[in-house]
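**Student:** Got a structure here, written out as structure tokens. Questions coming.
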Amino acid sequence: MVSGVTLPVETDPGGTAPADPTPRVVVPELRAVFADRSMRFRQLARGRNDADYLVFLSTLAAAQHAVAGEGGSTLDHASGGDPPLDVTSLLRHVDWHVDLDRLLTRLRPDATGNLLAVVEAMDVASRTELDVLAVAMLEGAPAPVAAQLAWMPIVAAALQVTWTRAASKLDPARLRCATTATQCPACGYAPVASVVQTGGERTGRRYLQCALCACEWYLVRVSCSTCGATDGVSYLKLEAEGEGEQGYPTVRAEICDACRSYLKVIDRSRDGFAEAHADDLASLALDVLVGEHGYQRSGPNLLFAPGTTDD
Ligand SMILES: [Zn+2]
Ligand SMILES: [Zn+2]
């Protein structure tokens, strides 16, 4: 579909640290985060070869939105840790399975074919089995059982609901950014992408967004989120190959020659509906392109399961 490379070293209009009151950390708004994501997946699906995949993710995000409002979890009462929702230490002690059960209940009525088989298998899976899978997924390891690969996006969706709901209740003023930008100040997990924001004092500022809890934290533009380098940072993007085709100007890969890593930048000033998870999965061709240049992606998209799309 699209290919091409540009390697401009950009100047950064927001390159210096912002004066207060630009917030350093922003917690997710529970009534918006999954609803916006669902809408964006559906919007992006139009006219694409992988429309079925994106529509499924829209349905999954809509189910997350409904479940997020259904009730709480024990994570909502976590206290004292640093970071407060530390996923590494809390995962096995939190009842995220309740949110998983709620998600499966919502997915089941309309599920057919492979999805129905997945829902039915997950319904009877043991907690231990699901915990082992969740740990592997968060660590970026393969599924312990190959057939469970297709479970991963649904396990991820449940964990996101549990962690995002709890993060939405935190006081952002009490969250401290870690010494490296690769760790979410709320849960310690990695960013899915960064987003150039619009709206109020955040306009034009770049924030990393947590792949798990959707918390956002500020990072100066044109700097590597992995190693902090500012020299040797450049950008790759998808460009239209032929007439009538469109590139994907909303999404660029920020690549770093110092540590050979990259993470995408989703630019909401180019499209106000752009959303980190959805636009990331709609631009997988960019990951392929950047991979061919020898750069390693630094943060995961937990909704992605390899082999589930035609891309
Ligand atoms: Zn987080
Ligand atoms: Zn770097």
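The values are calculated or read from the model by the stated rules, or taken from the named source; none is laboratory data. Note that this is a predicted model, so its numbers are computed, not measured. A quick note on method: Cβ atoms are made from the backbone with ideal geometry, for glycine too, and the neighbour counts reach across all protein chains shown. Note: areas computed on protein heavy atoms with side chains; ligands, DNA, RNA excluded. Shrake-Rupley method; radii C 1.70, N 1.55, O 1.52, S 1.80 Å.
**Student:** When SER298 is evaluated against the numbered criteria (1) within 16 Å of ligand 2 (Cβ to nearest atom); (2) more than 13 Å from the chain's Cα centre (by Cα); (3) over 22 Å from TYR53 (Cβ atoms), which criterion, by number, is the only one it fails?
**Tutor:** (2)
**Student:** Residue by residue through the range 179-223, note down the ones that are within 16 Å of ligand 2 (Cβ to nearest atom), open to solvent by 10 Å² or more (accessible area, probe 1.4 Å) and under 30 Å from ALA136 (Cα atoms). Break it down stepwise before answering.
**Tutor:** Going residue by residue through the range 179-223, those that are within 16 Å of ligand 2 (Cβ to nearest atom) are 179-183, 190-191, 193-194, 206, 208, 219-223.
From what's left, open to solvent by 10 Å² or more (accessible area, probe 1.4 Å): 179-183, 190, 219-222.
Answer for the range 179-223, where residues must be within 16 Å of ligand 2 (Cβ to nearest atom), open to solvent by 10 Å² or more (accessible area, probe 1.4 Å) and under 30 Å from ALA136 (Cα atoms): THR179, THR180, ALA181, THR182, GLN183, ALA190, LEU219.
Table: residues versus (1) within 16 Å of ligand 1 (Cβ to nearest atom); (2) at pLDDT 95 or above.
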{"position": "ALA211", "(1), (2)": "yes, yes"}
{"position": "ALA214", "(1), (2)": "yes, yes"}
{"position": "VAL222", "(1), (2)": "no, no"}
{"position": "VAL233", "(1), (2)": "no, yes"}
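**Student:** Right, another one. What are the pairs, 6+ residues apart or on separate chains, where a residue within the range 127-145 that is closer than 19 Å to ASN301 by Cα has its Cβ under 8 Å from a residue that is polar (S, T, N, Q) and crowded, with 17+ Cβ neighbours inside 10 Å?
**Tutor:** Note: pairs meeting the criteria are LEU133/GLN148.
**Student:** With respect to GLY272, determine if the residue is open to solvent by 10 Å² or more (accessible area, probe 1.4 Å), of a type outside the set (A, V, I, L, M, F, W, C) and assigned to a loop (DSSP other than H, G, I, E, B). If you could, list the steps in order and put the result at the bottom.
**Tutor:** Working: open to solvent by 10 Å² or more (accessible area, probe 1.4 Å): yes; of a type outside the set (A, V, I, L, M, F, W, C): yes; assigned to a loop (DSSP other than H, G, I, E, B): yes.
Judged against the criteria, GLY272 is a match.
**Student:** If you take the residues in the range 71-108 that are within 19 Å of ALA150 (Cβ to Cβ) and over 23 Å from the mean Cα position of the chain (by Cα), which one is surrounded by the fewest Cβ atoms within 10 Å (Cβ to Cβ)?
**Tutor:** Out of the qualifying residues, it is ARG108.
**Student:** Which one of these does THR230 not meet: (1) open to solvent by less than 30 Å² (accessible area, probe 1.4 Å); (2) free of Cβ contacts under 8 Å to residues at least 24 places away in the same chain?
**Tutor:** So the condition that THR230 fails would be (1).
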